[in-house]
Structure formats: structure tokens, C-alpha cells
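Engineer: Input: one structure, supplied below.
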Amino acid sequence: MRTRTTVAALLATATLLGTSAQPAAAYEPVNVVHTERVQAGPYGITVGFSTWPVRAMQSLDFTFAPDGGIEGRTGTVRQELVGADEHKTRKLARHPRKLEVWGMDIASLDTPGTWTMTFAVDGPDGRGEGVLPNLEVLEQPGPPLALSWAVATLPLLGLITFLTIAWRRTRPSREELSAV
């Protein structure tokens, strides 16, 4: 009887693990809502955005799909704010949820303004470089960052105040300590 219970429990556990551990259900697909074309030498690249228009400090997915796929190719992308000293250069890697293209998952451009993306691709047809100019990034969504942090800190300040008052009320007084 005990063996049957153990086997039933093991089967139930294995079934639950098998049905709940499916990786495809864990992630939403990448929904590209806007694309731009870039010619990087002999390579055409479709740049996809999961949110349009792009806003500063707003996380989104970028996808970079070269014509003919990414096999046998490597590349970099340089994101640069026009007229400023702000830039990021990244090696193009597979998008974590859309494995057939290069991409960045939950990335953001931190400053509003006009951005330029410069691509360098190495592949069977040699090296190619191309530019996506004039990518307008709007102001960040929502309230200003300082206000957001101030409001988010209020519960922590309330907790610290509560703990301080509770500690002062419950600690023994000097008279009680000297009586002991």
C-alpha cells in the first residue's frame, strides 16, 4: 500500500513539473510594431522596435534581422545621441526570445533627443557598415524620476519611523536597568 502511495505521489509530482516547466509559456513573444531598413554594405538589415514611438528610459525590445539570417555573420551596433557624448557600442547577439535574429531584450535609450544607430556587419560578402539616422527618442513616460523616487520612498520612511517609535517605547528605561 505504501509503495502505491509513493508511486502515485511521484507521478503526480512529475506531471506537475512537466506541465508547468514549459519554457515557451514563460515568455511573451516579441511583438515588433515598427521597423526601419538599413543597408550595411552588402547586407540589408531590418531594425524592429517593440514600442513606437521610442521614449527615453522606456524598456523595449530591439531586433536586428539581416537579410538571409544571422548564421555566419557577426556585427556590432553603436547607439549614439547626436550632439552629445553619450553612446553605447554592443556586439550583436541573438535575441533571448527570438533566436533567429539579433537583438536586445528590455533595453532603453536613456536620454531624449535624436539618436543614430551605426551597424557594422562581417559576413561571407565581407564587411559592411550602415547607419540608421534621426531616430527620435521622446521624453520619458510618466512623472519625473525624482518625483517617482520620492513617492516610492514614502513607505520605507514610514517603516523606519514606525520601527524607531516601537523600539523607543519597548526598550527598558534607565531606572529599570539600574533596578536590576
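What follows draws every value from the coordinates through simple rules; no lab data is involved. Keep in mind that what you see is a predicted model, and the values were worked out from it rather than measured. Glycine gets a Cβ as well: all are built from the backbone with ideal geometry, and neighbour counts include every protein chain shown.
Engineer: Using modelled backbone amide H atoms (1.01 Å from N, in-plane), which distant-in-sequence or interchain residues come within less than 5 Å of M57's amide H?
Structural biologist: Under 5 Å from the amide H of M57 lie the amide H atoms of L109, D110, T111, each far enough along the sequence or on another chain.
Engineer: Could you work out the relative contact order of the chain? I mean the mean sequence separation of Cα pairs under 8 Å and 6+ apart, divided by the number of residues, in percent. Show your work: numbers first, answer last.
Structural biologist: Numbers: 280 pairs, mean separation 34.5, N = 180.
Once normalised by length, the contact order is 19 percent.
Engineer: As I understand it, the value is the acute angle between the Cα axis of helix 2-20 and the longest principal axis of the Cα atoms of the chain; what does it come to in degrees, rounded to 10?
Structural biologist: 50 degrees
Engineer: Please compute the modelled spin-label separation between T3 and I165, points set 7 Å along Cα→Cβ, answer in nm with one decimal.
Structural biologist: Output for this residue pair reads 6.5 nm.
Engineer: Hey, another quick one. Tell me, what ³J(HN,Hα) does each residue in the range 99-108 have, in order and in whole Hz, if you take phi through Karplus 6.51 cos²θ - 1.76 cosθ + 1.60 with θ = phi - 60° and put x for Gly and Pro?
Structural biologist: So the J values, rounded to whole Hz, are 5, 7, 9, 7, x, 10, 9, 6, 9, 8.
Engineer: Under the Karplus relation 6.51 cos²θ - 1.76 cosθ + 1.60, θ = phi - 60°, what is the ordered set of whole-Hz ³J(HN,Hα) values for the range 38-47, x standing for Gly and Pro?
Structural biologist: Rounded to whole hertz, the list is 10, 9, 9, x, x, 10, x, 10, 9, 9.
Engineer: Subtract the Cα-Cα distance of E36 and I106 from 0.36 nm times their separation in residues, and report this length gain in nm to one decimal.
Structural biologist: Full extension of this stretch gives 23.3 nm more.
Engineer: Let me ask you something else. Relative to the longest principal Cα axis of the chain, at what angle does helix 145-170 sit, 0 to 90 degrees, rounded to 10?
Structural biologist: 20 degrees
Engineer: Also, quick follow-up: Can you give the FRET efficiency to the nearest 0.05 for D85 and E136, using r as the Cβ-Cβ distance and R₀ = 22 Å?
Structural biologist: Working from the Cβ atoms, E equals 0.70.
Engineer: Using a/c under 1.5 as the rounded threshold, could you call the range 30-137 rounded, prolate or oblate? The axes a ≥ b ≥ c are square roots of the C-alpha gyration tensor eigenvalues, and prolate needs a/b larger than b/c, oblate otherwise.
Structural biologist: It comes out oblate by the Cα gyration axes.
Engineer: Can you tell me the dipole magnitude for the range 30-137 around its Cα centre, using point charges on the Cβ only (Lys, Arg +1; Asp, Glu -1), in Debye to the nearest 20?
Structural biologist: Details: 11 positive and 14 negative charges, 44 e Å.
Once rounded to the nearest 20, the dipole reads 200 debye.
Engineer: Oh, and also: Just to check I understand the Karplus step: with θ = phi - 60° and J = 6.51 cos²θ - 1.76 cosθ + 1.60, what whole-Hz values come out for the range 62-78, glycine and proline as x?
Structural biologist: 10, 10, 10, 10, x, 4, x, x, 9, 5, x, 10, 9, x, 9, 10, 10
Engineer: Between rounded, prolate and oblate, where does the chain land on the alpha carbon gyration tensor, with a ≥ b ≥ c its root eigenvalues, rounded for a/c under 1.5, else prolate if a/b exceeds b/c?
Structural biologist: Oblate shape, in that a/c is at least 1.5 and b/c is the bigger or equal ratio.
Engineer: Now a separate question. What order do you get for W52, W102 when you list them from fewest to most C-beta neighbours inside 10 Å?
Structural biologist: Final ranking by Cβ density, sparse to dense: W52, W102.
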